[in-house]
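Here the structure is laid out as structure tokens; the discussion comes afterwards.
The values are calculated or read from the model by the stated rules, or taken from the named source; none is laboratory data. Model, not experiment: these values are computed from the prediction. Cβ placement follows ideal geometry from the backbone for every residue including glycine, while neighbour counts extend to all protein chains displayed. Quick note on the areas: whole protein, heavy atoms, side chains included, nothing else; ligands and nucleic acids left out. Shrake-Rupley method; radii C 1.70, N 1.55, O 1.52, S 1.80 Å.
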Amino acid sequence: THTGWPVALPAAVPLALLVLIDCPSRSLVSKVVVGLVASFASIASTFAVDAHYYGFKSLQPTSITPFSHLSPLNLLAYNFLGGASDLYGVEGALYYVRNAILQLNVLFPLAFVSPLVVAFAARRVDALGALAAAVPFPLWFALLSRLPHKEERF
């Protein structure tokens, strides 16, 4: 998730917290090491694919952007660190609501209600796991909609 489309990373936070809290069979250090190794492997494979298809021969940054060899970092720098990101215009937060209603239809409002439903209905089962599965979309949507929409070109 974090290398293919890095703005989706916040959606993984509830599941990562669940793993840290709710897996007593492993130590905290073991969980962190596994997470770091998996992240490094994922980033290395993204770099390898980008280097192959874009023809990068080294990790030296270009004049375009300091992150030009790692497209996920390039996307984050463009969208979150500013610069000329509004070169072709931006739209406000209402864009995300309109687009989500168009794409998801009745599932859009249900996605925001689902954590509440899960919280009340999951008392008999694993409530923490159920909440970790229901919270990612509302969390992601709340964070992403705070940014003005602009087309990604990376």
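Here's the yes/no breakdown for (1) modelled with pLDDT of 75 or more; (2) surrounded by 11 or more Cβ atoms within 10 Å (Cβ to Cβ); (3) under 18 Å from Leu144 (Cβ atoms):
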residue: Ala11; (1), (2), (3): yes, yes, yes
residue: Val19; (1), (2), (3): yes, yes, no
residue: Val37; (1), (2), (3): yes, no, no
residue: Ala48; (1), (2), (3): yes, yes, no
residue: Ala51; (1), (2), (3): yes, yes, no
residue: Leu75; (1), (2), (3): no, yes, yes
residue: Leu94; (1), (2), (3): yes, no, yes
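Picking from Leu116, Leu87, which residue would you name as being modelled with pLDDT of 75 or more, open to solvent by 70 Å² or more (accessible area, probe 1.4 Å) and either part of a helix (DSSP H, G or I) or hydrophobic (A, V, I, L, M, F, W, C) (or both)?
Values: Leu87 fails: modelled with pLDDT of 75 or more.
When all the criteria are applied, what remains is Leu116.
Does at least one position in region 96-107 carry a residue that is open to solvent by 50 Å² or more (accessible area, probe 1.4 Å), modelled with pLDDT under 75 and closer than 24 Å to Phe141 by Cα? Checked against the condition, which is being open to solvent by 50 Å² or more (accessible area, probe 1.4 Å), modelled with pLDDT under 75 and closer than 24 Å to Phe141 by Cα, region 96-107 yields no hits at all.
Filter region 92-139 down to the residues that are of a type in the set (Val, Ile, Thr) and free of Cβ contacts under 8 Å to residues at least 24 places away in the same chain and list them by number. Hits for region 92-139 are Ile101, Val106, Val113, Val117, Val118, Val125.
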